[in-house]
Protein chains: 2
Amino acid sequence: MIRLNRYLRNATNQYDKISIMNIRFLLLIFIYILIGPASFATDPLTSEGDDGYRLWLKYEPVTELSVKAEYIKYATFIGQSGKGEILQSASSELQTGFQKLLGKNVPVTESPGKRSGGIVFKLIPGTANDRQDEGYQVQLSGGNIVVSSKSENGILYGAFALLRHMQMQLPVKNLNLASNPKVRYRMLNHWDNTDGTIERGYAGSSLWKWYELPERVDPRYQDYARANASLGINGTVLNNVNASARFMSQEYIVKVAAVANVMRKYGIKTYLSVYFAAPKTLGGLTTSDPLDPQVRAWWKEKVTQIYKEIPDFGGFLVKANSEGEPGPQDYGRTHADGANMLAEAFKPYDGIVIWRAFVYKADPKEDRFKAAYEEFVPLDGKFDPKVIVQVKNGPIDFQPREPFSPLFGNMPKTPLGIEFQITQEYLGFASHAVYEAPIFKECLESDTYVNGKGSTVANVVDGSLHSYSRTLMAGVANTGSDRNWTGHPLAQANWYAFGRLSWDHQLSSEQIAREWTELTLTRNQKARESIVGLMLRSREIYVDYNTPLGLSRPWMGVHFAPEPWQNKGARPDWTAVYYHRADSVGLGFNRTESGSNALVQYRPQVQQQWNNPDKTPLPYLLWFHHVGWDKKLSTGRILWEELCTRLYTGADSVSWMQQQWDLAKSSLDPQIYTDVAQRLKIQHREAIWWRNAWVLYLQTFAKQPVPKGFEPPKQTLEEVKKSVNIYLMR
Amino acid sequence: MIRLNRYLRNATNQYDKISIMNIRFLLLIFIYILIGPASFATDPLTSEGDDGYRLWLKYEPVTELSVKAEYIKYATFIGQSGKGEILQSASSELQTGFQKLLGKNVPVTESPGKRSGGIVFKLIPGTANDRQDEGYQVQLSGGNIVVSSKSENGILYGAFALLRHMQMQLPVKNLNLASNPKVRYRMLNHWDNTDGTIERGYAGSSLWKWYELPERVDPRYQDYARANASLGINGTVLNNVNASARFMSQEYIVKVAAVANVMRKYGIKTYLSVYFAAPKTLGGLTTSDPLDPQVRAWWKEKVTQIYKEIPDFGGFLVKANSEGEPGPQDYGRTHADGANMLAEAFKPYDGIVIWRAFVYKADPKEDRFKAAYEEFVPLDGKFDPKVIVQVKNGPIDFQPREPFSPLFGNMPKTPLGIEFQITQEYLGFASHAVYEAPIFKECLESDTYVNGKGSTVANVVDGSLHSYSRTLMAGVANTGSDRNWTGHPLAQANWYAFGRLSWDHQLSSEQIAREWTELTLTRNQKARESIVGLMLRSREIYVDYNTPLGLSRPWMGVHFAPEPWQNKGARPDWTAVYYHRADSVGLGFNRTESGSNALVQYRPQVQQQWNNPDKTPLPYLLWFHHVGWDKKLSTGRILWEELCTRLYTGADSVSWMQQQWDLAKSSLDPQIYTDVAQRLKIQHREAIWWRNAWVLYLQTFAKQPVPKGFEPPKQTLEEVKKSVNIYLMR
C-alpha cells in the first residue's frame, strides 16, 4: 500500500501531465485495496466489516512511517537454517506477517551467510527435554534480527513474539524480546463429541470433522494451530473427557493422526481423552480392571498402535469415576492404579497421562467441596512419574468465583496441573462479556501457605514449590465453528489470556487485556483504554448480578437460566438449594468447624482468612458461612441489603459496560462494534433476569422488602420461574 | 478491474516515459485486486481460494468485453418507484451485482421519469393473492431493461433472473425473461433444534442463534434470505418438526420475529413447527384435545399473539402422532380434527396449517409402506381449506430410491404438498456427492394415472390435476453454519435444484446442473460439462453401491454406516431385516397380492408396472418382490450376480467421478477443487465399505461366491461389523 502511496507521490512529481482523473482513479483503487479486502473477508455477499476470523493475527499494515522504515530494514530475507517443519512454519508466518504489515514479500533462504538486513533463526545446540528449551530470545545482532532458541518451538514462539511487537508498531531499536515458559505443558482441552457437538460449547459446532477425516483436512485446522502457537500453547486434547471409545479404534486413530500432522507443524502435540472401559466395550475383554494383565496388555498395544500413526503423540487425559464415567474404582482399585497402568503403556514413549481430580460422590450429607481432597491426598506419592493430576481451579466447578482448590499444595509428591475453563459454562454462554484473566489470576495468586507465605497456587503449578518437572496448565476451550471462533467477539480475549498466562502466569490481567485489544480491536489509545476498562471490571460485574457474596450455581441442566429454587435433581449436589442453603435464618454454606469443616483442608493461615464470618472478605462470605439475613456486614449494610445492592448495581453496571463500548465506537470495525453492542443488550436483559430471580426467590426466606432506592422487580417469582421453565423444555 | 486495464493502456500510450517498473507495479496491484480479495475472503490467515460462502451469487466480473459493453448501457440507474422493502432489496441486489459484475456503482432513483439506460421496476396494479402474482417479466422497453410483475416478490425474482442471466454473460439483445411459479408455497423446512443442533444436519450447527435473538441479528440471516429469494423460495420453517413448545412462548415469538424481519425483506414468510401438546406443557391446561374449547381458545390466542409480532406470519407445520410425537389421536381424534382446530385459529389471517402425513404404526405384521395412505385417504374432504397435507415423496423415508407415495392423487379434495429431503440423511451425509435433482424429478414425473395417463405427481402437487389453489413444495434444508453452508460443496447444487424445481418443476436436472455449475464453479465449458456429467450420474452410482435394485435402509441409528444385519430395534420397522427380508430363498419385500399388497394403493396402470417380477423395472424390483437368488433378470444375470455387479460397479464408478472431477481441475478454484477431491476419496472408501457389507452379509443367505471378475472383499463379515460398531459407540 505504502508503495502505491509513494508511487503516487513520484508520479505527480515526475509526470505532472498525468490527469487528475487518473490520480483520482488510482486513489480509488487504493481505497479499494484498503477497504475492499476487509469487507470481502467478512462476508462476500453483502455486509461489511471484520468478521473476527483473524483473531489477534490480523497483521494490519503498519501506519507509523518511521517505524515501518525501521522494520523494512530487516525485511530483505529470512535466514532459516534447517528444514524442520516448525522452522518452516516460523518462516512462513513471518512471510505472511511481513506481506501484510509491510507489503513486502520476504524470501526465505537456508544459507544467509554473512548477509545483514534480515531475520535470522539461530538454533542453539545441546537441547534437553525441558520447558526451558522452548524459551526464545529476539535481538539485534550483526545487522539482523536474530531469533534464537534451543528448540524449533522456541524459534516459532520468538517469531510470533516479533510479529506481536511489530503489530503494536513498537521500535526495533534495542530490541530484546526474551521469554521462557513457566509451565511445560500448556494445553487446550476440547470437550468435543464425535457427533460434532461440544459439551458446554457456545460457538457453533466442533472444529474437528470426524466424518471427513482422514481424507479431508479442513484448512481451518492450520489457523487453529497458528493461533495457539502464537500464544505458546503446545498441546491440545481433541475430544471430550466424557470420552468416546471410538478414538481407540484404528479407524479413528488415523483420523486423529491427520489432525496431528497439522498440529505438529506448529509445535503442538495431540492428546486424546480416553474411555476407561474401552478394553471391554471396544476391545471385547471381560473386564477393564487396571490390574488385569490382559487389560494392561490391551492398553500397551493401543498406545503402540497410536505411536505408529502419531510418533509425537502427547498422551491421555482421563476422567474416571466421575459423574458416572467408568474408572478403576469399579474394580475396587484406586485412581493411582488406573493412572499407573496407563503410564506403564507410555513407558517407551514421551507421552504422559493426565488424570483429572474432578470427583465427588453423591452423598447428601457430605460436602462436595471436600471430595477431591479426600480421594486424592491419600494417593500422594503413589502415582507414576509420568502422571500429572489435573485439578480444577476451585473445589466445585468453574463458578464465577471460587476459593482455590485445597488440593493445591497438598500433594507435594505428585505434579498437579491446573484446569481452567475458558468456555463460559457458568459465565453467560456467548452473550455475556466476562474477561476471565482476573479469574485465572485470582486463583494463581492465592497463597496456599503450604511452605509458608508466598506458596501461591502458581508456585505449586509451575513446579517451583515442590520441584515438579512435569508442569501443566490446561484450559477448557471456548472455540467452535463460528466464523469468529468464540461466539462473543470479546471471548477471544479469554482464549488469548489463557494462552498467555499458561506461558507466563506473572503477566497481569491488565497487560494482557491491553495487548489483546490493541492486536484485535483498535490501536486508538482512548478507545483501547475504554475497552480495557470494561474488560477489567466485567468479571466483578458478572459476579454481582449472578452470584454475589460467594453464592454459587452448579445446579443441574444447561447452566443458562437462573434456578435458585431448584431443589430436585438426579443427585443432591445437582440442586441449587444444596449450595446456597437459604432458610428463614439466613443464607450460605457453613464450611467452618460448626459446619462441614471443609476449611480444615486448607493451611491455618488460609483458614484464618475465611473461618470468621466477621473477617471473611465479602466475595467469599457465603462460600464458608451461613449468614443471618440481618447480619451487619463490613459495608455497613445487613446481608439482605448487601445482596440486593450487589444484584442491582451489578445489573446497572452492564449499562456502564454498554457506555464504555460505545465510547470506542468510532475506532472500531462496524461489524464488531455492532456484534458486541447487540450482545451487551442481551447481557443487560439477562442480568436483570438473574437479579430478579435471586431477589424474588430469596425474599421468600428473608421476608424483607427490596431496599430503598432500588425498584422492586416488576415480575412475580412465579412469572420469573415461568420464563425460566421455557429454557428447560425440549 | 477493466478500468485499470484501460488505464494501463492509456498510460502507456500517453505517457511513454512512465517507467516499466511502475507499470509492473501497477500490474502487481492489479493482480492483487484480482487475487487478493478472493484469497482474503476464504481465509484471511493463510489459505487461498474460494470458501464457497457466496454460493451461486458470486457476481464475478464479466469477462466478455462485448457483452459487458452491452450491460453497461443499462447500468446508469435503477428506477425503483415505490419504497417497499422488497423493492429495496431488489435494487440493492442489483447494485451489488452491478458493482461486482461490471465494477459500476449504479444509483437508485425513485423517479426515473423518461430516462433510458437503466433498469426499471414496473409494478403492475390489480394484484390478487395468487401464485401467478409472483411471476415476472424482464424485457427491453424504451431503452431500459424493464422488470415487471404484479408483486414486489415478482420484481425481486425478476431482478435475480436478470442477474443470473448476466452472470452467465448472455446477450441483452432480445432479452425476454418471463416466468411464473408453478407452486404457491415454496419452502425450506429446517430440522433445527433449540440447542443449535440440527437433526440430520451435516453442515455444522443451526443458522438460528436462539440464545442471541432477538437483540443480536446475525448478518448471515440476510445472506440466507438472499440465496433463497434468488431461487424463488418464499417460505421457511425455522424449527424442527420434532418441535419444541418454546416457540409458542412470548420469549421465543419475539426471537422468531427478529428473524422474520430479515426474511420479510426478501419476500420470505416465516413458519414454525408446533408441538401439539403445547397447551398442556406450556399453557398449563389439563388437556391438548383439539375439540376442547379451552385448547381451541389457547391456540387462537397463541396465533393472535404471534401475528402481533409477525404480521405476515406464514403458519404452522405439524408432525403429530408420528414417531412418538403427541397429536390428536392421543384423544381419540383424527388428524383432520387436529389440523382444523389450528386452521380455525388462523381464520383472521393469511397463515396456513401444513400437516405432515409421515405416520406409521409399529406393527410387525403390517407394511409401513401402506400406513400413510390408510390413515389419510379416509380423511379426504374433511380438512379445512387452510390446511395442506405434506407428503414425503415416497411411502417410507427419503430412501436413495423410492416409488412415489401412493397418497398422491388419492386425496382429490385435499391439497397435497410434497416434501423432499435436501439434506443427505440417507445419501452419505456431507461426504458423498449425490446430485438430487434426478430424485426429485423422478418422483414429480411419476404418473399416478389418477385421471388417466399424464396425471403426474407434479400435476397433483401443482394443483393442475385437482384444482388445489394452495400448492406446496417443501425441502428439508441441508444448510448449516459451515462456511460454505452445506458441508459438501456439491451439496449446494441440491439446495439450488430444490429451489429452482419448486418454482418450475419442468426444468430438467441437466439444465439445472449446468446453470448451477456455471454460476458456482466454472464458466469453462469443458470443465463444466465434465462436472455436469459427474452430477447427472451421481445418484445412480450412489444407489448402485448403497441400495441397488430397490433395496432400502431406513434402519435405526445415525443412518451413516451399513447395517443390513440389524435385526433389533425399538420398533420392528426400525430394523434392516424388516425391509430387505433376506432369507435362504431370496431377497426383497413382497408387496404384491401374495404379500402385503401395498401395490393396491396405486392405480391399476401403476400396479401393472410393478406387480410382475419379470416386468418390474430393475431399480424398483426389490421394493415389490421377494426374488430368488437364482432368478434370472432382464440383464441376463441372476439376482445374486446382478446385485454384486451393481455393488461393485457402483463403487468403481466413484473412481470415475474422481477422474471427472480431476478433468475440471485447471478451471476450478483450488480450494474448492481440493475440498471436493478429498471428499470423493472418502466417498470411494465408504462405497467399498457399503459394497462389502452388503456382499458379505447377503452371501450368508445366497451361499454363492462373488461373481468372476470381481475381487472378493478382503475383510470378513465380522470385521466389517466391527468397523460399523465403532460408529454406534458414544
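The values are calculated or read from the model by the stated rules, or taken from the named source; none is laboratory data. Keep in mind that this is a model prediction, so the values were computed, not measured. Glycine also receives a Cβ, built like all others from the backbone with ideal geometry; neighbour counts cover every protein chain displayed.
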> Hey, any hits in the stretch A:670-688 for a residue that's over 31 Å from the mean Cα position of the chain (by Cα) and hydroxyl-bearing (Ser, Thr, Tyr)?
Replying inline: no
> Do you know which residues across the stretch A:312-334 are of a type in the set (A, V, I, L, M, F, W, C) and closer than 16 Å to residue A:474 by Cβ?
Replying inline: A:316, A:317, A:318
> Among the residues of the stretch A:47-89, which ones are more than 14 Å from every other protein chain (Cβ to nearest Cβ), hydrophobic (A, V, I, L, M, F, W, C) and part of a loop (DSSP other than H, G, I, E, B)?
Replying inline: A:62, A:75
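Given the structure, is residue A:286 over 29 Å from the mean Cα position of the chain (by Cα) and among the polar types (S, T, N, Q)? If you could, list the steps in order and put the result at the bottom.
Working: over 29 Å from the mean Cα position of the chain (by Cα): yes; among the polar types (S, T, N, Q): yes.
Here the answer is yes, as residue A:286 does meet what is asked.
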> Taking the condition crowded, with 22+ Cβ neighbours inside 10 Å, out of contact with any Leu (no Cβ under 7 Å at 6 or more places or on another chain) and within 14 Å of chain B (Cβ to nearest Cβ), does residue A:230 pass?
Replying inline: no
> So residue B:189 fits all but one of (1) within 13 Å of another protein chain (Cβ to nearest Cβ); (2) farther than 30 Å from residue B:99 by Cβ; what number is the exception?
Replying inline: (1)
>> Out of the helices (runs of 4 or more DSSP H) lying entirely within the stretch B:370-467, which hold 1 or more residues that are modelled with pLDDT under 95 and within 15 Å of the chain's Cα centre (by Cα)?
In response: none
> For the stretch A:590-615, which residues satisfy the criterion of being surrounded by 23 or more Cβ atoms within 10 Å (Cβ to Cβ) and either part of a loop (DSSP other than H, G, I, E, B) or touching a residue at least 40 places away in the same chain (Cβ under 8 Å) (or both)?
Replying inline: A:591, A:598, A:602
> Would you pick out the residues in the stretch B:587-607 that are touching a helix residue (DSSP H, G or I) at 6+ places or on another chain (Cβ under 9 Å) and among the small types (Gly, Ala, Ser)?
Replying inline: B:588, B:595, B:596, B:598
>> I'd like to verify a number: residues in the stretch A:105-119 that are crowded, with 17+ Cβ neighbours inside 10 Å and farther than 22 Å from residue A:265 by Cα, how many?
In response: 2
> Only one of these conditions is not met by residue A:507: (1) closer than 30 Å to residue A:167 by Cα; (2) among the aliphatic types (A, V, I, L, M); (3) more than 20 Å from the chain's Cα centre (by Cα). Which number is it?
Replying inline: (3)
> Within the set of pairs 6 or more residues apart or between chains, which connect a residue that is away from chain A (no Cβ under 11 Å) and under 25 Å from residue A:725 (Cβ atoms) inside the stretch B:260-283 to a residue that is charged (D, E, K, R) and assigned to a strand (DSSP E or B) with Cβ atoms less than 8 Å apart?
Replying inline: B:260/B:269
> Take the residues of the stretch B:233-247 that are within 21 Å of residue B:359 (Cα to Cα) and within 9 Å of chain A (Cβ to nearest Cβ): which is surrounded by the fewest Cβ atoms within 10 Å (Cβ to Cβ)?
Replying inline: B:242
> Only one residue in B:452, B:475, B:463 is surrounded by fewer than 21 Cβ atoms within 10 Å (Cβ to Cβ), more than 13 Å from chain A (Cβ to nearest Cβ) and within 28 Å of residue B:516 (Cα to Cα). Which one?
Replying inline: B:463
> residue B:122: more than 23 Å from residue B:512 (Cβ to Cβ), among the charged types (D, E, K, R) and in contact with a Ser or Thr (Cβ under 8 Å, 6 or more places away or on another chain), yes or no?
Replying inline: yes
> On the given criteria, is residue A:665 out of contact with any Phe, Trp or Tyr (no Cβ under 7 Å at 6 or more places or on another chain) and of a type in the set (D, E, K, R)?
Replying inline: no
> What pairs come up if the first residue lies in the stretch B:482-506 and is touching a residue at least 40 places away in the same chain (Cβ under 8 Å), the second is among the hydroxyl-bearing types (Ser, Thr, Tyr) and surrounded by fewer than 24 Cβ atoms within 10 Å (Cβ to Cβ), and their beta carbons are under 6 Å apart, counting only those six or more places apart or on different chains?
Replying inline: B:483/B:53
> Can you tell me which residues in the stretch B:686-703 are under 22 Å from residue B:586 (Cα atoms) and either within 13 Å of another protein chain (Cβ to nearest Cβ) or surrounded by fewer than 16 Cβ atoms within 10 Å (Cβ to Cβ) (or both)?
Replying inline: B:700, B:703
>> Given the criterion of a type outside the set (Phe, Trp, Tyr), in a loop (DSSP other than H, G, I, E, B) and modelled with pLDDT of 95 or more, identify the matching residue among B:507, B:501, B:534, B:549.
In response: B:507
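Residue-wise test of (1) surrounded by 19 or more Cβ atoms within 10 Å (Cβ to Cβ); (2) of a type in the set (A, V, I, L, M); (3) in a loop (DSSP other than H, G, I, E, B).
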residue: B:276; (1), (2), (3): yes, no, yes
residue: B:279; (1), (2), (3): yes, no, no
residue: B:284; (1), (2), (3): no, no, yes
residue: B:288; (1), (2), (3): yes, no, yes
residue: B:295; (1), (2), (3): yes, yes, no
residue: B:299; (1), (2), (3): yes, no, no
residue: B:303; (1), (2), (3): yes, yes, no
residue: B:306; (1), (2), (3): yes, yes, no
residue: B:312; (1), (2), (3): no, no, yes
>> Given the options A:271, A:202, A:224, A:266, name the one that is touching a helix residue (DSSP H, G or I) at 6+ places or on another chain (Cβ under 7 Å), buried (at least 22 other Cβ atoms within 10 Å of the Cβ) and closer than 23 Å to residue A:422 by Cβ.
In response: A:266
> Among the residues of the stretch B:60-87 satisfying the criterion of being over 14 Å from residue B:146 (Cα atoms) and among the basic types (Lys, Arg), which is surrounded by the fewest Cβ atoms within 10 Å (Cβ to Cβ)?
Replying inline: B:83
> Based on what the data block shows, is residue A:212 within 14 Å of chain B (Cβ to nearest Cβ), without any contact (Cβ under 8 Å) to a residue 12 or more places away in the chain and farther than 28 Å from residue A:292 by Cα?
Replying inline: yes
>> Going by what's in this entry, would residue A:484 be described as more than 14 Å from chain B (Cβ to nearest Cβ) and more than 30 Å from residue A:412 (Cα to Cα)?
In response: no
